[in-house]
Amino acid sequence: MGEEITVAKRRAGRSAAEAVEDGMVVGLGTGSTAAHAICRLGERVNAGLDIEGIPTSFQSRELAREAGIPLTSLDAASPDVAIDGADQVADGQLIKGGGAAHAREKVLDTAADRFLVVIDPRKEADALNEAVPVEVLPSARRPVADAITDLGGDPDLRAAERKDGPVVTDNGNLVLDCAFGEIDDPAALAASLAAVPGAVAHGLFVDSPDEIHLGTADGVEVRSV
Ligand code: 5RP
(Lines give C-alpha, C1' and ligand atoms only; values in the text may rest on other atoms or scores of the structure.)
Protein backbone atom coordinates (compact mmCIF):
# COMPACT_ATOMS: atom_id res chain seq x y z
CA MET A 1 0.00 0.00 0.00
CA GLY A 2 1.35 3.42 -0.97
CA GLU A 3 2.11 6.10 1.61
CA GLU A 4 -0.64 8.32 0.17
CA ILE A 5 -3.28 5.65 0.75
CA THR A 6 -2.06 5.05 4.29
CA VAL A 7 -2.31 8.79 4.98
CA ALA A 8 -5.80 8.91 3.45
CA LYS A 9 -6.98 5.97 5.59
CA ARG A 10 -5.54 7.57 8.73
CA ARG A 11 -7.27 10.88 7.96
CA ALA A 12 -10.63 9.17 7.35
CA GLY A 13 -10.43 7.06 10.50
CA ARG A 14 -9.31 9.89 12.75
CA SER A 15 -11.96 12.24 11.33
CA ALA A 16 -14.77 9.82 12.22
CA ALA A 17 -13.30 9.27 15.69
CA GLU A 18 -13.62 13.01 16.34
CA ALA A 19 -17.41 12.70 15.91
CA VAL A 20 -17.64 10.52 19.03
CA GLU A 21 -18.81 12.27 22.20
CA ASP A 22 -18.62 11.61 25.92
CA GLY A 23 -20.98 8.89 27.12
CA MET A 24 -21.39 7.21 23.73
CA VAL A 25 -21.33 3.50 22.94
CA VAL A 26 -19.34 2.98 19.74
CA GLY A 27 -19.45 0.11 17.25
CA LEU A 28 -15.84 -0.60 16.31
CA GLY A 29 -15.44 -1.71 12.71
CA THR A 30 -12.85 -4.01 11.19
CA GLY A 31 -10.05 -3.33 8.70
CA SER A 32 -7.11 -1.03 8.26
CA THR A 33 -9.13 2.23 8.05
CA ALA A 34 -11.37 1.47 11.03
CA ALA A 35 -8.16 0.61 12.91
CA HIS A 36 -7.08 4.26 12.66
CA ALA A 37 -10.41 5.29 14.20
CA ILE A 38 -9.89 2.82 17.06
CA CYS A 39 -6.38 4.13 17.69
CA ARG A 40 -7.63 7.74 17.76
CA LEU A 41 -10.48 6.78 20.10
CA GLY A 42 -7.89 5.15 22.36
CA GLU A 43 -5.91 8.40 22.44
CA ARG A 44 -9.08 10.29 23.33
CA VAL A 45 -9.98 7.77 26.05
CA ASN A 46 -6.53 8.17 27.53
CA ALA A 47 -7.15 11.93 27.51
CA GLY A 48 -10.42 11.50 29.45
CA LEU A 49 -13.15 10.60 26.91
CA ASP A 50 -15.73 8.35 28.56
CA ILE A 51 -16.99 5.79 26.01
CA GLU A 52 -17.54 2.08 25.61
CA GLY A 53 -16.81 0.12 22.43
CA ILE A 54 -18.47 -2.91 20.90
CA PRO A 55 -16.05 -4.73 18.56
CA THR A 56 -17.08 -6.33 15.29
CA SER A 57 -14.26 -8.87 15.16
CA PHE A 58 -11.34 -10.50 16.92
CA GLN A 59 -9.13 -7.85 15.27
CA SER A 60 -11.11 -4.85 16.47
CA ARG A 61 -11.44 -6.32 19.98
CA GLU A 62 -7.66 -6.77 20.26
CA LEU A 63 -6.98 -3.28 18.90
CA ALA A 64 -9.51 -1.71 21.27
CA ARG A 65 -8.03 -3.54 24.24
CA GLU A 66 -4.53 -2.41 23.31
CA ALA A 67 -5.81 1.17 22.86
CA GLY A 68 -7.45 1.14 26.31
CA ILE A 69 -11.08 1.42 25.15
CA PRO A 70 -13.51 -0.16 27.67
CA LEU A 71 -15.62 -2.81 25.96
CA THR A 72 -19.25 -3.81 26.24
CA SER A 73 -21.61 -5.94 24.16
CA LEU A 74 -24.92 -5.72 22.36
CA ASP A 75 -26.44 -7.66 25.27
CA ALA A 76 -25.68 -4.74 27.56
CA ALA A 77 -25.84 -1.62 25.38
CA SER A 78 -26.99 -0.14 22.08
CA PRO A 79 -24.44 1.66 19.91
CA ASP A 80 -24.93 5.41 19.44
CA VAL A 81 -22.53 5.40 16.53
CA ALA A 82 -20.59 2.83 14.48
CA ILE A 83 -17.40 3.54 12.55
CA ASP A 84 -16.47 1.07 9.83
CA GLY A 85 -14.64 0.76 6.54
CA ALA A 86 -15.89 -0.46 3.17
CA ASP A 87 -14.47 -2.20 0.11
CA GLN A 88 -16.51 -0.26 -2.44
CA VAL A 89 -18.92 2.68 -2.22
CA ALA A 90 -21.26 3.83 -4.97
CA ASP A 91 -24.11 6.27 -4.47
CA GLY A 92 -24.21 5.59 -0.73
CA GLN A 93 -24.39 1.80 -1.19
CA LEU A 94 -21.56 -0.37 0.13
CA ILE A 95 -19.81 -3.66 -0.42
CA LYS A 96 -18.14 -4.87 2.76
CA GLY A 97 -16.55 -8.09 3.96
CA GLY A 98 -13.00 -7.83 2.65
CA GLY A 99 -11.95 -8.83 6.16
CA ALA A 100 -14.71 -11.47 6.41
CA ALA A 101 -16.24 -9.58 9.34
CA HIS A 102 -19.39 -8.37 7.56
CA ALA A 103 -21.88 -10.50 9.53
CA ARG A 104 -21.08 -8.83 12.84
CA GLU A 105 -20.39 -5.51 11.13
CA LYS A 106 -23.88 -5.51 9.65
CA VAL A 107 -25.44 -6.17 13.04
CA LEU A 108 -23.48 -3.33 14.70
CA ASP A 109 -23.69 -0.86 11.83
CA THR A 110 -27.44 -1.38 11.55
CA ALA A 111 -28.05 -1.21 15.30
CA ALA A 112 -26.17 2.09 15.64
CA ASP A 113 -28.07 5.39 15.62
CA ARG A 114 -25.44 6.70 13.19
CA PHE A 115 -23.12 4.78 10.90
CA LEU A 116 -19.97 6.54 9.74
CA VAL A 117 -18.08 4.94 6.85
CA VAL A 118 -14.35 5.57 6.57
CA ILE A 119 -12.68 5.13 3.19
CA ASP A 120 -9.79 6.16 0.99
CA PRO A 121 -10.35 7.32 -2.62
CA ARG A 122 -9.76 3.86 -4.14
CA LYS A 123 -13.07 2.71 -2.67
CA GLU A 124 -15.27 5.11 -4.62
CA ALA A 125 -16.96 3.84 -7.79
CA ASP A 126 -19.75 4.90 -10.14
CA ALA A 127 -21.50 1.55 -9.63
CA LEU A 128 -20.88 -1.47 -7.38
CA ASN A 129 -19.06 -4.14 -9.37
CA GLU A 130 -16.78 -5.96 -6.94
CA ALA A 131 -17.47 -9.49 -5.76
CA VAL A 132 -19.97 -9.63 -2.89
CA PRO A 133 -18.73 -11.66 0.09
CA VAL A 134 -21.33 -14.09 1.41
CA GLU A 135 -20.70 -15.82 4.75
CA VAL A 136 -22.11 -19.35 4.65
CA LEU A 137 -22.62 -22.19 7.07
CA PRO A 138 -19.94 -24.78 6.18
CA SER A 139 -22.59 -27.48 5.77
CA ALA A 140 -24.55 -25.27 3.35
CA ARG A 141 -21.69 -24.32 1.05
CA ARG A 142 -22.86 -26.24 -2.02
CA PRO A 143 -26.59 -25.34 -1.95
CA VAL A 144 -25.74 -21.69 -1.24
CA ALA A 145 -23.25 -21.67 -4.14
CA ASP A 146 -25.94 -23.18 -6.41
CA ALA A 147 -28.48 -20.54 -5.32
CA ILE A 148 -25.97 -17.77 -5.99
CA THR A 149 -25.26 -19.17 -9.45
CA ASP A 150 -29.03 -19.17 -10.10
CA LEU A 151 -29.04 -15.47 -9.13
CA GLY A 152 -26.41 -14.82 -11.82
CA GLY A 153 -23.36 -14.83 -9.57
CA ASP A 154 -20.06 -16.66 -9.74
CA PRO A 155 -19.22 -17.89 -6.22
CA ASP A 156 -15.61 -18.51 -5.27
CA LEU A 157 -14.63 -20.02 -1.90
CA ARG A 158 -12.25 -17.57 -0.22
CA ALA A 159 -8.88 -19.21 0.42
CA ALA A 160 -6.84 -18.47 3.52
CA GLU A 161 -3.38 -16.96 3.34
CA ARG A 162 -0.60 -18.66 5.28
CA LYS A 163 -2.98 -21.56 6.04
CA ASP A 164 -4.03 -24.35 3.70
CA GLY A 165 -7.73 -24.37 2.95
CA PRO A 166 -10.48 -21.76 3.25
CA VAL A 167 -10.90 -18.63 5.35
CA VAL A 168 -12.90 -19.48 8.46
CA THR A 169 -14.71 -16.45 9.89
CA ASP A 170 -14.81 -15.38 13.54
CA ASN A 171 -18.19 -17.17 13.59
CA GLY A 172 -16.78 -20.46 12.31
CA ASN A 173 -18.25 -20.11 8.82
CA LEU A 174 -16.89 -19.94 5.24
CA VAL A 175 -16.94 -17.06 2.74
CA LEU A 176 -18.00 -17.20 -0.90
CA ASP A 177 -16.84 -14.19 -2.92
CA CYS A 178 -19.61 -13.80 -5.49
CA ALA A 179 -18.97 -11.87 -8.70
CA PHE A 180 -22.14 -10.43 -10.27
CA GLY A 181 -20.51 -7.91 -12.62
CA GLU A 182 -22.03 -4.47 -12.34
CA ILE A 183 -24.85 -4.54 -9.80
CA ASP A 184 -27.74 -2.52 -11.27
CA ASP A 185 -30.12 -2.94 -8.33
CA PRO A 186 -28.21 -3.49 -5.05
CA ALA A 187 -31.41 -3.52 -2.97
CA ALA A 188 -32.97 -6.31 -5.06
CA LEU A 189 -29.78 -8.41 -4.99
CA ALA A 190 -29.45 -7.82 -1.24
CA ALA A 191 -32.99 -9.10 -0.69
CA SER A 192 -32.37 -12.17 -2.88
CA LEU A 193 -29.12 -13.05 -1.09
CA ALA A 194 -30.69 -12.55 2.33
CA ALA A 195 -33.37 -15.10 1.40
CA VAL A 196 -30.91 -17.94 0.66
CA PRO A 197 -31.03 -20.55 3.46
CA GLY A 198 -27.56 -21.16 4.88
CA ALA A 199 -26.27 -17.73 3.81
CA VAL A 200 -25.53 -16.12 7.17
CA ALA A 201 -24.81 -12.60 5.90
CA HIS A 202 -23.90 -10.89 2.64
CA GLY A 203 -21.67 -7.89 2.13
CA LEU A 204 -24.16 -5.56 0.45
CA PHE A 205 -25.00 -2.72 2.84
CA VAL A 206 -27.96 -0.95 1.26
CA ASP A 207 -28.99 2.55 2.37
CA SER A 208 -26.97 2.00 5.48
CA PRO A 209 -24.44 4.84 6.04
CA ASP A 210 -25.28 8.25 7.50
CA GLU A 211 -21.92 9.84 6.75
CA ILE A 212 -18.92 9.05 4.58
CA HIS A 213 -15.50 10.24 5.74
CA LEU A 214 -13.30 10.17 2.66
CA GLY A 215 -9.63 10.66 3.44
CA THR A 216 -7.48 12.01 0.62
CA ALA A 217 -3.89 13.09 0.13
CA ASP A 218 -4.98 16.65 0.94
CA GLY A 219 -7.46 16.29 3.78
CA VAL A 220 -10.86 14.78 4.60
CA GLU A 221 -14.20 15.20 2.91
CA VAL A 222 -17.23 14.45 5.10
CA ARG A 223 -20.46 13.75 3.23
CA SER A 224 -23.92 13.15 4.64
CA VAL A 225 -25.71 10.36 2.83
C1 5RP B 1 -14.10 -6.10 6.88
C2 5RP B 1 -14.55 -4.93 6.09
C3 5RP B 1 -13.63 -3.78 6.01
O4 5RP B 1 -14.24 -2.67 6.61
C5 5RP B 1 -13.30 -3.50 4.57
O6 5RP B 1 -12.70 -4.66 4.04
C7 5RP B 1 -12.37 -2.30 4.40
O8 5RP B 1 -11.10 -2.59 4.92
P9 5RP B 1 -9.89 -1.58 4.79
O10 5RP B 1 -10.24 -0.35 5.56
O11 5RP B 1 -8.72 -2.34 5.37
O12 5RP B 1 -9.67 -1.27 3.33
O13 5RP B 1 -15.62 -4.89 5.53
O14 5RP B 1 -14.99 -7.17 6.77
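For region 31-55, what are the residues that are among the aliphatic types (A, V, I, L, M) and either surrounded by fewer than 24 Cβ atoms within 10 Å (Cβ to Cβ) or not assigned by TED's automatic domain parsing to the domain that holds Ala100 (or both)? Give the steps one after another, and end with the answer.
Within region 31-55, the subset among the aliphatic types (A, V, I, L, M) is 34-35, 37-38, 41, 45, 47, 49, 51, 54.
Ala35, Val45, Ala47, Leu49, Ile51 - these are the residues of region 31-55 that are among the aliphatic types (A, V, I, L, M) and either surrounded by fewer than 24 Cβ atoms within 10 Å (Cβ to Cβ) or not assigned by TED's automatic domain parsing to the domain that holds Ala100 (or both).
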Item checked: Whichever residue in region 51-68 is farther than 21 Å from Gly215 by Cβ and hydrophobic (A, V, I, L, M, F, W, C) and, among such residues, is nearest to the ligand (Cβ to nearest atom) -> Phe58
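Sort out which residues of region 199-218 are of a type in the set (D, E, K, R) and either more than 19 Å from Ala125 (Cβ to Cβ) or part of a strand (DSSP E or B) (or both), and write them in order of number.
Selection gives Asp210, Glu211, Asp218.
Conditions (1) of a type in the set (Asp, Glu); (2) part of a loop (DSSP other than H, G, I, E, B); (3) not assigned by TED's automatic domain parsing to the domain that holds Gly29, marked per residue:
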position: Asp156; (1), (2), (3): yes, no, yes
position: Asp170; (1), (2), (3): yes, yes, yes
position: Val175; (1), (2), (3): no, no, yes
position: Ala187; (1), (2), (3): no, no, yes
position: Leu193; (1), (2), (3): no, no, yes
position: Pro197; (1), (2), (3): no, yes, yes
position: Val222; (1), (2), (3): no, no, yes
Notebook entry, point to check: Hey, any hits in region 2-16 for a residue that's closer than 19 Å to Ala111 by Cβ and either more than 15 Å from the ligand (Cβ to nearest atom) or assigned by TED's automatic domain parsing to the domain that holds Ala100 (or both)?
Noted result: yes
Check: If you scan region 73-108, which residues turn out to be within 16 Å of Asp170 (Cβ to Cβ), more than 10 Å from the ligand (Cβ to nearest atom) and crowded, with 17+ Cβ neighbours inside 10 Å?
Finding: Val107, Leu108
Item checked: Complete set of residues in region 119-130 that are assigned to a loop (DSSP other than H, G, I, E, B), surrounded by fewer than 23 Cβ atoms within 10 Å (Cβ to Cβ) and within 12 Å of the ligand (Cβ to nearest atom) -> Glu130
Notebook entry, point to check: Using beta carbons and a limit of 6 Å, which pairs, at least six apart or on different chains, have the first residue in region 91-104 and on the phi > 0 side of the Ramachandran plot and the second one in a loop (DSSP other than H, G, I, E, B) and more than 6 Å from the ligand (Cβ to nearest atom)?
Noted result: Gly92/Val225; Gly97/Gly203; Ala100/Val167; Ala100/Thr169
Next item on the list: Could you check how many residues of region 9-27 are surrounded by 24 or more Cβ atoms within 10 Å (Cβ to Cβ) and touching a Leu at 6+ places or on another chain (Cβ under 8 Å)?
Entry: 5
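The values are calculated or read from the model by the stated rules, or taken from the named source; none is laboratory data. The structure displayed is predicted, hence computed values, not measured ones. We place every Cβ from the backbone using ideal geometry, glycine too, and count neighbours over all the protein chains shown.
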